[in-house]
Amino acid sequence: MKILIVSATRENNYRLAKKIGGLLHADYKMITLEDYELPLYKPDGENADESVTSALVENFENADGFIFCAPEYNAGVPPILTNAISWITVSTRNWRDAFNEKKVLIATHSGRGGHWFLSSFRDQLEYMGCVVHPRTISIHRNTEFNPESVGRILSSFLKLI
């Protein structure tokens, strides 16, 4: 089983991804979307560097499951994550290839808990064919990272896979 931990940013969510990876008892790879130079996706717009999109698609297609760590932006999914998903879906044979039937755990380190992100991103992932774990990890200014709680969530997530 191969898990891809995806951090949308290099700050708080990257630190959260590293903590999660340290507790994950499975083979995993961690990436941050800030390392992929992708232009803003626009139909009939600028093309992305094919070596960048193919590397990103390969990471997603080779994973059995994902753990996404991203902040809430304006009560929703951060643009960097939406943009990366757009490029992935237009860079595969069938737009759902990289996501269909993959198991997903969603985590966030956001200012106020990230509830809007967790909800809207769950809907998006399910639409793309993912099986989203019912529990999430949410860290914010009033809730610290709890290794015991996160460990239980990860154990349950691995059983899903």
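What the table shows:
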| quantity | calculated |
| --- | --- |
| Count, lysine Cα pairs under 30 Å in the range 2-160, 8 or more residues apart or across chains | 22 |
| Only Lys, Arg (+1) and Asp, Glu (-1) charged, at Cβ; the range 1-77 dipole about Cα centre in debye | 520 debye |
| Unit charges at the beta carbon, dipole of the range 1-87: most positive-side option, 67, 57, 36 | 67 |
| Difference of contour (0.36 nm per residue) and Cα-Cα distance, residue 161 to residue 18 | 49.4 nm |
| Charge tally in the Cβ shell below 15 Å around residue 139, where Lys, Arg are +1 and Asp, Glu are -1, residue 139 excluded | +2 |
| Unit charges on C-beta of K, R, D, E only; dipole of the range 2-160, Debye | 740 debye |
| Cut-off under 5 Å, modelled amide H: who pairs with residue 7 long-range | 31, 32, 33, 69 |
| Full-extension gain in nm, residue 52 to residue 37, via 0.36 nm per residue minus C-alpha separation | 4.7 nm |
| Correct choice for volume of the Cα convex hull per residue in Å³ that was computed from the model, options (1) 103; (2) 120; (3) 112 | (1) |
| Estimated vicinal HN-Hα couplings, Hz - the range 116-133 in sequence order (Karplus 6.51, -1.76, 1.60; Gly, Pro = x) | 5, 4, 4, 6, 5, 6, 4, 4, 5, 5, 5, 4, 7, x, 6, 9, 9, 4 |
| Zone residues, the range 128-150, relative to residue 26, backbone N less than 16 Å from point 7 Å out along Cα-to-Cβ | 130-137, 150 |
| Degrees separating the helix 79-90 axis from the principal Cα axis of the chain, which is the longest one | 50 degrees |
| In Hz, Karplus ³J(HN,Hα) per residue of the range 44-59 (6.51, -1.76, 1.60; θ = phi - 60°; x = Gly, Pro) | 6, x, 4, 7, 7, 4, 4, 5, 6, 5, 5, 5, 5, 4, 4, 4 |
| The chain, relative contact order [Cα under 8 Å, separation at least 6], % | 23 percent |
| In degrees, nearest ten, helix 12-23 long axis to first principal axis of the chain (Cα) | 60 degrees |
| Per-peptide average of other Cβ atoms within 10 Å, ordering 65-73, 16-24, 147-155, 105-113 highest first | 65-73, 105-113, 16-24, 147-155 |
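Each reported figure results from applying straightforward, stated rules to the coordinates on display, with no laboratory input. Values in this document were obtained by computation on a predicted structure and should not be read as measured data. Don't worry about glycine lacking a Cβ; one is built from the backbone with ideal geometry, like all the others, and counts go over all protein chains shown.
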